[in-house]
1. Answer with one residue from I101, G21, P201: the one whose Cα lies farthest towards the positive end of the charge dipole of the chain, charges on Cβ with Lys, Arg +1 and Asp, Glu -1.
2. Working out 0.36 nm times the residue gap between D59 and S116, then minus their Cα-Cα distance, what length gain in nm do you get to one decimal?
3. Under the definition of Cα pairs under 8 Å and six or more residues apart, what whole-number percent is the relative contact order of the range 3-209?
4. How far is helix 3-17 tilted off the main Cα axis of the chain, in degrees rounded to 10, range 0 to 90?
5. Could you line up I158, I148 from fewest to most neighbouring Cβ atoms inside 10 Å?
6. For the range 162-250, what's the relative contact order in percent, using C-alpha pairs closer than 8 Å and at least 6 residues apart?
7. In debye, nearest 20, what is the charge dipole magnitude of the chain about its Cα centre with +1 on Lys and Arg Cβ and -1 on Asp and Glu Cβ, if you could check?
8. Enumerate by residue number the GluC sites (Glu not before Pro) in the range 144-248 meeting two conditions: DSSP loop (anything except H, G, I, E, B), and at most 10 other Cβ atoms within 10 Å of the site's Cβ.
Amino acid sequence: MSFLFLSIIFALPCLVFGHGGVWNYSIANEWRPGFFPYYPAEGQSSTQRHWIDFSPITDVETPTLVCNNPGSYAEEYATVAAGAEIAAYYKGWPHDIGPVIVWMAYCGSEPTSCSSFNGTGRHWFKIAQSGLLSGTVREGLWAQGQMIANNYTWSATIPETLKEGAYLLRHELVALHVPFTPEFYPECAHLYVQGSGNGVPGDEFLASIPGVWKDDEPELHLDIYTEPTSSRTEWAIPGPRVWSGSGDTE
Ligand SMILES: *[C@@H]1O[C@H](CO)[C@@H](O)[C@H](O)[C@H]1NC(C)=O
Ligand SMILES: *[C@@H]1O[C@H](CO)[C@@H](O)[C@H](O)[C@H]1NC(C)=O
Ligand SMILES: *[C@@H]1O[C@H](CO)[C@@H](O)[C@H](O)[C@H]1NC(C)=O
Ligand SMILES: [Cu+2]
């Protein structure tokens, strides 16, 4: 069998199950509905920015990379203490090869500042990321496989020293199962973070979205089915380092 044929076989579940995204958030142990894609926005009220369907984004320069398509503002905010845990539920997520990355962006000091902030630009810092956890690129355990094994749930912690204010929370899955065609799956939520910290990520932690992913990034544009890539045991997550909140204050 040719590698192309194999690649097509492995790419198939993508078409059959129609991909996915974040359905719900557990914010400080309380479940909150996401936006329900495929349904009209009328009658919905969510903490999540609106997205139209489960399709991946493959254009690294499109504005929809920020908070999906159309990414229009959420009606609600989740008020949460800095240091709290947030879990995202990816009901039925079908892909197990690729990283999970959790980003935030400061909208402003008002509790509803995200309602006038579209997120495009150099505002984004990572609060968590996880890539290849063990084994090889082709056969090993990736963060997305781990997320599936953990009942389709991924947890991350808001840095405890993060300055109070309104923030976008952006979960991103990058699926790597289609050769040389990384698929990006971003969804955003509106948060109002409360706390007494004054932590602000330094410039070296910030990335532009769109802009952070490049079409010539070798860790994203790879073919997991062929050597030497398939038996590699290291895979580096592109973009800035994670901001943990400690020691990086303004
Ligand atoms: C999860 O989100 C979906 C989609 O918006 C919604 O229908 C469902 O009620 C939510 N479940 C919980 C527990 O929030
Ligand atoms: C945000 O606004 C800027 C300026 O109007 C625009 O260029 C950009 O495409 C917008 N981004 C989104 C995600 O709508
Ligand atoms: C998986 O998580 C979802 C969302 O919280 C929940 O509704 C479901 O009961 C969980 N399933 C199991 C087997 O724990
Ligand atoms: Cu898919």
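1. The residue sitting most towards the positive pole is G21.
2. Working: separation 57, 0.36 × 57 = 20.52 nm, distance 2.47 nm.
Extending this stretch completely gives an extra 18.0 nm.
3. Value for the range 3-209: 26 percent.
4. Tilt relative to the chain: about 40 degrees.
5. Values: I158 25, I148 18.
Arranged by neighbour count, lowest to highest, I158, I148 become I148, I158.
6. Contact order relative to length: 34 percent.
7. Numbers: 11 positive and 27 negative charges, 60 e Å.
Its charge dipole is roughly 300 debye.
8. Numbers: sites: E160, E164, E172, E183, E187, E204, E219, E234; in loops: E160, E164, E219, E234.
Hits after loop and neighbour filter: E234.
Read the figures in this text as sums done on the coordinates, not as results from a lab. Note that this is a predicted model, so its numbers are computed, not measured. Note: ideal-geometry Cβ built from the backbone for every residue, glycine included; neighbour counts use all protein chains shown.
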